[in-house]
Amino acid sequence: MIIRKSADEIEKMRKAGRIVAGTIDTVLAAVEPGRSTLDLDRVAERFIRAQGAIPSFKGYRGTYPASICTSIDAEIVHGIPSGTRKLKEGMVLSLDFGAIWEGFHGDAAVTVFVGGQAPSEEAAKLAKETEHALSAAIDAIRVGGRLSDIGHTVESVADAAGLGVIREYGGHGIGRSMHEEPFIQNWGPPGRGLELRPGLTIAVEPMFTLGSEENRVLADGWTVVTADGSLAAHFEHTIAITEDGPEILTVRA
Ligand code: MF3
Ligand code: CO
């Protein structure tokens, strides 16, 4: 079931999105060598709760133990913050954030380099192109267009850049639940699937790798890693489709 949102509901999602954006800014200011990923989780949880919001990841599916995901280097998504995992210069750090405001979710992710400097030109390209895929996919959203236009755009950017696309995970509807229908795959032909209409609220989230598209979940039951150990990047925004086209709800100031 696709749940379209009213103007009032989208207003609540705008607020949830702003809280997520503020959390990203606050956590990025704390990213530096020597900090643990659990330190970042604490910074995020404190900020989210100080806004009167709820960290949506905590307790997700009954078992996710933290407020954010911290995925380093070959970890693609869903890395679990840890007090013993210390940040080091040049790590490729993907951070994923979610908050609930008055019952509505915001969800966003970014990939950054610890210390600010990419460890290689390839890594710089990986992050730049993954972010570009997200913005190009958002630009491809048109009222009257189709859902698969999004994934097609993501895959086209990866193909042009010679990067791998993670195919098993993707974007999703979002609203009173973090994950609603439809699933939004990051690949495939354009012009298929659901017609994009005002009131749809979705999270778009490309995940690219420098090598193989194959991936597996670690024994912790959460962390998704590239099968060949190659670096991965992940960017995500929550978007509302309005009469005027896509509006990014998790946009940062
Ligand atoms: N932001 C992620 C997504 O879009 C959700 C994180 S999974 C959790 O799928 F377990 F951390 F909640
Ligand atoms: Co998401």
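Please find, in a Gaussian network model of the chain (springs between Cα atoms separated by less than 10 Å), the residue of 32, 121, 195 whose mean-square fluctuation is greatest.
Maximum fluctuation in the GNM of the chain, among the listed residues, is at 121.
Among the listed pairs 15/128; 5/128; 15/58, give every one whose C-alpha distance is greater than 22 Å.
Where the Cα-Cα span goes over 22 Å, the pairs concerned are 15/128; 5/128.
Considering only protein heavy atoms and a 1.4 Å probe, what is the carbon-and-sulfur percentage of the accessible area of the chain?
Solvent-exposed carbon and sulfur of the chain make up 50 percent of the total.
Can you put 91, 1 in order of accessible area, largest first, using a 1.4 Å probe?
The ranking, largest first, comes out as 1, 91.
So what's the net charge close to residue 116: Lys and Arg +1, Asp and Glu -1, counting the other residues with Cβ under 12 Å from its Cβ?
Overall, the nearby charge balance is -2.
At a probe radius of 1.4 Å, what is the per-residue accessible area of residue 122, in Å² to the nearest 10?
90 Å²
Taking all protein chains together and a probe of 1.4 Å, list 183, 113 from the most accessible to the least accessible.
From most exposed to least exposed: 183, 113.
What's the magnitude of the charge dipole for the chain around its Cα centre, counting Lys and Arg as +1 and Asp and Glu as -1 at the beta-carbon? Answer in Debye, nearest 20.
Roughly 700 debye for the chain.
Using 0.36 nm per residue, how much length does the chain from residue 136 to residue 227 gain when fully extended, once their Cα-Cα distance is taken away?
30.0 nm
If you average the C-alpha positions of segment 111-173 and of segment 208-230 separately, how far apart do those two centres end up, in angstrom?
So the separation of the two Cα centres works out to 17 Å.
Using the heavy atoms of the protein chains and a 1.4 angstrom probe, tell me the accessible area per residue for segment 7-248 in square angstrom.
Accessible surface, normalised per residue, equals 40 Å².
Show me 42-53, 159-170, 94-105 ranked by packing, highest mean number of other Cβ atoms within 10 Å first.
94-105, 42-53, 159-170
Give the lysines reachable from residue 125 as a straight Cα distance under 24 Å; neighbours fewer than 8 places away on the same chain don't count.
Cross-link targets: 88.
Cβ under 12 Å from residue 88's Cβ, residue 88 left aside: what net charge do those residues give with Lys, Arg +1 and Asp, Glu -1?
0
Rounded to whole Å, give me the distance from the Cα center of segment 77-108 to that of segment 12-60.
Taking the Cα centre of each part, segment 77-108 and segment 12-60 sit 8 Å apart.
Using a ≥ b ≥ c from the Cα gyration tensor of segment 7-248 (square roots of the eigenvalues), is it rounded, prolate or oblate, where a/c under 1.5 gives rounded and otherwise the larger of a/b and b/c decides, a/b for prolate?
oblate
Solvent-accessible area of residue 187, probe 1.4 Å, all protein chains present, reported in Å² to the nearest ten, please.
Counting only protein heavy atoms, the figure is 90 Å².
The values are calculated or read from the model by the stated rules, or taken from the named source; none is laboratory data. Since the structure is predicted, the reported quantities are computational estimates derived from the model, not experimental observations. Methodologically, a virtual Cβ is constructed for each residue, glycine included, from the backbone with ideal geometry; neighbour enumeration extends over all protein chains shown. Remember, those area values only see protein heavy atoms, side chains included, never the ligands or the DNA or RNA. Shrake-Rupley method; radii C 1.70, N 1.55, O 1.52, S 1.80 Å.
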